[in-house]
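Down below is the structure, laid out as structure tokens.
The values are calculated or read from the model by the stated rules, or taken from the named source; none is laboratory data. Everything numeric in this text was worked out from a predicted model, so none of it was measured. Positions of Cβ are backbone-derived with ideal geometry, glycine not excepted, and every protein chain shown enters the neighbour counts. Side chains are part of the model used for accessible areas, which takes the heavy atoms of the whole protein and leaves out ligands, DNA and RNA. Shrake-Rupley method; radii C 1.70, N 1.55, O 1.52, S 1.80 Å.
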Amino acid sequence: MSKVLVINPILYTAETNRIPQVESIKDTMIYTMCLGFLRAGHEVTLIAAQDYRPVREERYDFPVLWFRTVCRKLFMPRCFPYMPGIRRYLKSHKDYDIIVTSEVFATWSYTAARMAPEKTIVWHELAAYNNMLHKMPAKFWYQFVARLFMRRVRVVPRSEQAGAFIRQFMPRVEKEPVDHGVDLEKFPISGEKREDCFAVVSQLIPRKRIAHTIEAFDGFVRAGHETYGLHIIGAGEEEASLRQLVQRLGIEKKVTFHGRLSHEKLLPIVAASKALLVSTKKDNNMVSIVESIALGTPVVTTSVPYNAAYIRREELGIVEDDWSADALSRIVAENDRYVANCLAYRDRLSNVSCAARFLALQERGQTLKRA
């Protein structure tokens, strides 16, 4: 049994400096990843920023430590938090076998890299410079801090794009990406016939381009698919305008706005759908895509999400920028084939499998060190 420390201060995306309050973190990607370590038979602890603590108390499957952020105007908690308590914690807790941190451009990864380089693995997602302050801090960090002070740690990219980017600055980058894992126990395979519908799981904000999805669906319906419906799951600033668009197109009986739903409520909707629809113009790896594939539901997406590379390669759906009603017709026509591909791929997305790959990497490093 290994003792694992996961440092992931930012538990979910905040579009502004006002971090939204949530009631639970149990649906977050990193909580699921920690469960993977736990179910693989290891002891795991998660460190997160106090700013992301839920509004109600929860009981967790493993220790979750909440660290205070400081100098918040300079080190903004939504994108670049600084928690001096991490250094003190690592100094007094040297018994961890492996430390998994998120992102190279991160104060906590720098701290772990300096204090325990042989134990630290950075799980890296970004495939471009962070836009903060016209990219200047990120460029300085990657070109100077990462190159000089973090070069001893190993980096596991979360996508092929992230790997290509970070290899410019870090010498020990693994070739095989590790995507966000899912808890397959919560994603049972349904043998029931899929319904005539599509699903969207997204914030209703401009960069997600939900209006494009609605317009493509409208074209699909007008092409002779009157029985189909569209489920939109999520909330955001564009909800009112999107409802107005649906009314103008005259498809209000075919489009259902569900608002935010828990995993327990949204998963059956996605599992029953012909496809998950994604029109985003700016994203990294999307957890909703991983979860859809785990349910056996194909994806129609732009090439923007990093997941698009393996969706195209493994034929888990259709990848086209500015996809239209024609893409929906094609995903319906070959739905059985795409579903079968998703079900064949899903075991590779298991959180236990992802955790095992980190542990195997650490064990390999220890073996080489002993040799």
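To the nearest 20 debye, what charge dipole does the range 201-247 have about its Cα centre, counting +1 at the Cβ of each Lys and Arg and -1 at the Cβ of each Asp and Glu?
Numbers: 5 positive and 6 negative charges, 25 e Å.
For the range 201-247, the charge dipole is close to 120 debye.
Checked against a 30 Å cut-off, the cross-linked pairs K73/K208; K91/K281; K26/K94 give Cα-Cα distances beyond that limit for K91/K281.
With Cα atoms as the point set, the radius of gyration and Dmax of the range 2-74 evaluate to 12.8, 40 Å. This model, with +1 at the C-beta of Lys and Arg and -1 at the C-beta of Asp and Glu, gives the chain a dipole about its Cα centre of some 1860 debye. With all protein chains in place and a 1.4 Å probe, the accessible surface of the chain carries 50 percent carbon and sulfur. Simple rule: put +1 on each Lys or Arg Cβ and -1 on each Asp or Glu Cβ in the chain, find the dipole, and look at L267, V339, I47; the Cα lying farthest toward the positive end is I47.
Annotation for the range 48-82: chymotrypsin sites (Phe, Trp or Tyr not before Pro) lying in DSSP loop with at most 15 further Cβ atoms inside 10 Å of their Cβ are Y60, F75. When the convex hull of its Cα atoms is viewed from all sides, the chain shows a mean projected area of 18.7 nm².
Per residue, the chain reaches -10000 deg cm²/dmol at 222 nm when only DSSP H runs of four or more residues are counted, each adding -39500 (n - 2.57).
Note on the range 253-371: Cα-Cα pairs beyond 18 Å make up 58% of the total pair count.
For the range 155-234, a crude dipole built from +1 on the beta carbon of Lys and Arg and -1 on the beta carbon of Asp and Glu, taken about the Cα centre, is about 420 debye to the nearest 20.
The residues of the range 49-124 present an accessible area of 49 Å² per residue when probed at 1.4 Å with all protein chains retained. Across H180, H134, H225, mean-square fluctuation computed from a Gaussian network of the chain (C-alpha pairs under 10 Å connected) peaks at H134. When restricted to Cα atoms, the range 126-254 yields an Rg and a Dmax of 21.5, 60 Å, respectively. Amide H contacts of V182: S350, N351, each under 5 Å away and 5 or more positions distant or on a separate chain (H built 1.01 Å from N in the peptide plane; Pro and chain starts excluded).
Stokes-Einstein, applied to the Kirkwood radius of the range 1-147 over Cα pairs at a viscosity of 0.692 mPa s and 37 °C, places its translational diffusion at 206 µm² s⁻¹.
Whole-Hz Karplus values for the range 144-159 come out as 10, 5, 5, 4, 8, 10, 10, 5, 7, 7, 8, 10, 10, x, 8, 7 Hz, taken residue by residue from phi with 6.51 cos²θ - 1.76 cosθ + 1.60 and θ = phi - 60°; glycine and proline positions read x. What does the C-alpha gyration tensor say about the overall shape of the range 205-269? Classify as rounded when a/c is under 1.5, otherwise prolate if a/b is larger than b/c, or oblate. The shape class here is oblate.
Checking every one of the trypsin sites (Lys or Arg not before Pro) in the range 112-169 against DSSP loop status and a limit of 16 other Cβ atoms within 10 Å picks out R151, R152, R167.
The angle between the Cα long axis of helix 263-272 and the main principal axis of the chain comes to about 50°, on a 0 to 90 degree scale. A simple rule links phi to the HN-Hα coupling: the Karplus curve 6.51 cos²θ - 1.76 cosθ + 1.60 with θ = phi - 60°, which for the range 215-227 gives 5, 5, 5, 4, x, 5, 4, 5, 7, x, 10, 5, 7 Hz, with x for Gly and Pro.
Answer with one residue from L245, H134, G181: the one whose Cα lies farthest towards the positive end of the charge dipole of the range 133-288, charges on Cβ with Lys, Arg +1 and Asp, Glu -1. Working it through, the farthest residue towards the positive pole turns out to be H134.
The loop-placed chymotrypsin sites (Phe, Trp or Tyr not before Pro) in the range 137-211, going by DSSP, include none that has at most 10 neighbouring Cβ atoms within 10 Å of its Cβ.
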